[in-house]
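Derivation of every value follows stated rules applied to the coordinates shown; laboratory data play no part. A quick note: this is a predicted structure, and the numbers were derived from the prediction, not measured. Counting neighbours? That spans all protein chains shown, and the Cβs are built from the backbone with ideal geometry, glycine included.
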């Protein structure tokens, strides 16, 4: 992740950069390191739309897993479990648009986590 600033945060799987946020929405870029994956999680208060900008990986939404690559988009309604897994050899970049009445990091309900968080 180049160009880090105060709107970026590291995670064991990579990290994210907040591009813009206001009441009712937040736009982020997720950076997933090759071989790593986010926790299997859901949110109570927000919907998300993920668009792959670079790389490839497997995205889980509910009971479905889908191989995704650059330009592909998936919608994740509030309450639905989801995860991104970088199965490629380059960094996986996902543009995330979250909308809802509570868009905070404490709205994450982790069901499985490779990093014991």
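Fewest neighbouring Cβ atoms within 10 Å first, the residues 36, 105 line up as 105, 36. Entry note, the chain: relative contact order of 33 percent, from Cα contacts under 8 Å with a spacing of 6+ residues. Report the residues of the range 102-117 in range of a label on residue 21: point 7 Å along Cα→C-beta, backbone N strictly under 16 Å from it. Correct set: 102-109.
With a Förster radius of 30 Å applied to the beta-carbon distance between residue 47 and residue 89, the computed FRET efficiency rounds to 0.45. In terms of other Cβ atoms within 10 Å, 108, 103 run from fewest to most in the order 108, 103. Of the peptides 10-21, 68-79, the ranking by mean beta-carbon count within 10 Å, highest at the top, reads 10-21, 68-79.
Determine the shape class of the range 3-46: with a ≥ b ≥ c the square roots of the Cα gyration tensor eigenvalues, call it rounded for a/c under 1.5, and otherwise prolate if a/b is greater than b/c, oblate otherwise.
Numbers: a/c = 2.82, a/b = 1.18, b/c = 2.39.
Judged from the Cα gyration tensor, the range 3-46 comes out oblate (a/c at least 1.5, b/c at or above a/b).
Cα gyration tensor of the range 1-81, axes a ≥ b ≥ c as square roots of the eigenvalues: rounded (a/c below 1.5), prolate (a/b > b/c) or oblate? Since a/c reaches 1.5 but b/c is at least a/b, the shape of the range 1-81 is classed as oblate. What separates the Cα centres of the range 88-117 and the range 10-68 is a distance of 5 Å.
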